[in-house]
Amino acid sequence: MQVVKEKISVEELKKMSEKMFSNLVKAVVDIDQEIMVVDAPMHADQEYLLLESGSKQEHLWGFNIYPDQMGTSGFIVFDSMINLRPSWGNRSRGVDDPQIQEKIRKIVNKLVVK
């Protein structure tokens, strides 16, 4: 697992994705601290790392990055079990709130560089 606080290249993500089925990289973002964790078999492991580092549950969202799709709508796919939060209004594995989706996209696009 790697915590990304500054920048990570799409090439690094491509190398990570080679280890995963479907050439994806699992990621969890903290939308408050604007950091993310990448490169783990499960979003729950990344979530745990951020929680242990002081992140708050309500700021953590899981998704998949498809490095080969950078610059397209398929680059970020909101699909993670950690996103299931019915008591907070998120009733799917996706991210139901469009404002949170946009915030995640902005953070990822700031952290991932060509």
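Reported value for the chain: 91 Å³ per residue, from the convex hull of its C-alpha atoms.
Among the listed pairs Lys5/Lys56; Lys15/Lys106; Lys19/Lys56; Lys19/Lys114, those with a Cα-Cα distance over 26 Å are Lys19/Lys56. If the cut-off is 12 Å between C-alpha atoms, which aspartates and glutamates fall inside it for Lys14, apart from same-chain ones fewer than 8 positions away? Result set, ordered by chain and number: Asp39, Asp68.
Calculated accessible area for the chain comes out at 56 Å² per residue, all protein chains present (probe 1.4 Å; ligands, DNA, RNA ignored).
Return the FRET efficiency for the residue pair Gln99, Lys14: r is the Cβ-Cβ distance, R0 is 41 Å, and the value is rounded to the nearest 0.05. Efficiency at R0 = 41 Å is approximately 0.90.
Measuring from a point 7 Å past the Cα of Lys110 along Cα-to-C-beta, which residues in region 59-103 have an amide N at less than 11 Å? Only 103 fall inside the zone, counting backbone N under 11 Å. Calculated [222 nm] ellipticity per residue, helices only, for the chain: -8500 deg cm²/dmol; basis is -39500 (n - 2.57) per DSSP H run with n ≥ 4, divided by all residues, nearest 500.
Across the accessible surface of region 36-114, with the other protein chains kept in place and a 1.4 Å probe, carbon and sulfur atoms take up 52 percent.
The values are calculated or read from the model by the stated rules, or taken from the named source; none is laboratory data. It should be emphasised that the depicted structure is a prediction, and the values quoted were computed from it without experimental measurement. We place every Cβ from the backbone using ideal geometry, glycine too, and count neighbours over all the protein chains shown. Surface accessibility is based on the protein's heavy atoms, side chains included, excluding ligands, DNA and RNA. Shrake-Rupley method; radii C 1.70, N 1.55, O 1.52, S 1.80 Å.
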